[in-house]
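Worksheet: the structure to be examined is printed underneath.
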Amino acid sequence: MRRLEQLAVALLACVACSAFAQLAAENPDWKEIQVPPAPAFSTRRLVVLDLGANQALKFGVDPATLSISKDGVVRYVVVASSASGATNAMYEGIRCATGEFKTYARATTSGTWNTVEDPQWLSLYANLPSRHALALAEQGVCNGKAPANSVEAILRQLKNPQQQYERR
């Protein structure tokens, strides 16, 4: 039974990768804008993401850092917190059109940003410890293959996840 589950997961991953490759091919001229520097953030105003009860880390987005750029990328600062109080912050972007995310910078414990050298777009659906990006995309950032209409719309969805589940 375990082998069958592994095959099913592998098949789904292949289908998803193929679909996203096709989407990317639909707009071969797409270019990412010059990414703005990582913004200042606060851990006091985080909007918490729903990742389920079995998560060791809690993730939240600073609403003041959310932006939707002309290239269709939604950028934000997400903060991961452990039960012991340790925190990590990442400046990331989600491209809804292709189902990908990218980490541009990581904050040190002092709050100073370290830029990621040569950041790469990664699938939201890959088996990575980055489930928060997929949750963020599903809970308000993306409206299908397009970004939400506004930052306000994203925040409404994130603050009221029940609406998101009722829409489905």
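The values are calculated or read from the model by the stated rules, or taken from the named source; none is laboratory data. Fair warning: this is a prediction, and the values are worked out from it, not measured in the lab. Reconstructed Cβ throughout: ideal geometry from the backbone, glycine too, with neighbour counts over all protein chains shown.
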task = Scan the range 58-103 for residues that are assigned to a loop (DSSP other than H, G, I, E, B), under 22 Å from S42 (Cβ atoms) and touching a helix residue (DSSP H, G or I) at 6+ places or on another chain (Cβ under 8 Å) and report the count.
result = 1
remark   = Those residues of the range 37-57 which are part of a loop (DSSP other than H, G, I, E, B) and under 17 Å from A137 (Cβ atoms) amount to L49, D50, L51, G52, Q55
ask   = Looking only at the range 123-148, which residues are outside any helix (DSSP H, G or I), at pLDDT below 95 and of a type in the set (A, V, I, L, M, F, W, C)?
value = L124, A126, L128
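One line per residue, one yes/no per condition, for (1) closer than 19 Å to P63 by Cβ; (2) in contact with a strand residue (DSSP E or B) (Cβ under 6 Å, 6 or more places away or on another chain):
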position	(1), (2)
N88	yes, yes
C96	yes, yes
T112	no, no
V116	no, yes
E138	yes, no
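Would it be correct to say that A126 is over 21 Å from D71 (Cβ atoms) and either surrounded by fewer than 19 Cβ atoms within 10 Å (Cβ to Cβ) or of a type outside the set (V, I, T) (or both)? Steps first, answer last, please.
Values: over 21 Å from D71 (Cβ atoms): yes; either surrounded by fewer than 19 Cβ atoms within 10 Å (Cβ to Cβ) or of a type outside the set (V, I, T) (or both): yes.
Yes, satisfied.
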ask   = Among the residues of the range 36-57, is any surrounded by fewer than 15 Cβ atoms within 10 Å (Cβ to Cβ), more than 22 Å from V116 (Cα to Cα), modelled with pLDDT under 95 and in contact with a Ser or Thr (Cβ under 8 Å, 6 or more places away or on another chain)?
value = yes
task = Mind listing just one residue for me: the one in the range 104-120 that is in a loop (DSSP other than H, G, I, E, B) and out of contact with any Ser or Thr (no Cβ under 7 Å at 6 or more places or on another chain) and, of those, nearest to S81 (Cα to Cα)?
result = T109
ask   = Among the residues of the range 149-166, is there at least one that is modelled with pLDDT of 95 or more, out of contact with any strand residue (DSSP E or B) (no Cβ under 6 Å at 6 or more places or on another chain), buried (at least 16 other Cβ atoms within 10 Å of the Cβ) and farther than 20 Å from T43 by Cα?
value = no
key: Output for the range 65-102, where each listed residue is crowded, with 17+ Cβ neighbours inside 10 Å, closer than 14 Å to E32 by Cα and not basic (K, R)   = I68, G72, V73, V74, E92, G93, I94, C96, A97, T98, E100, F101
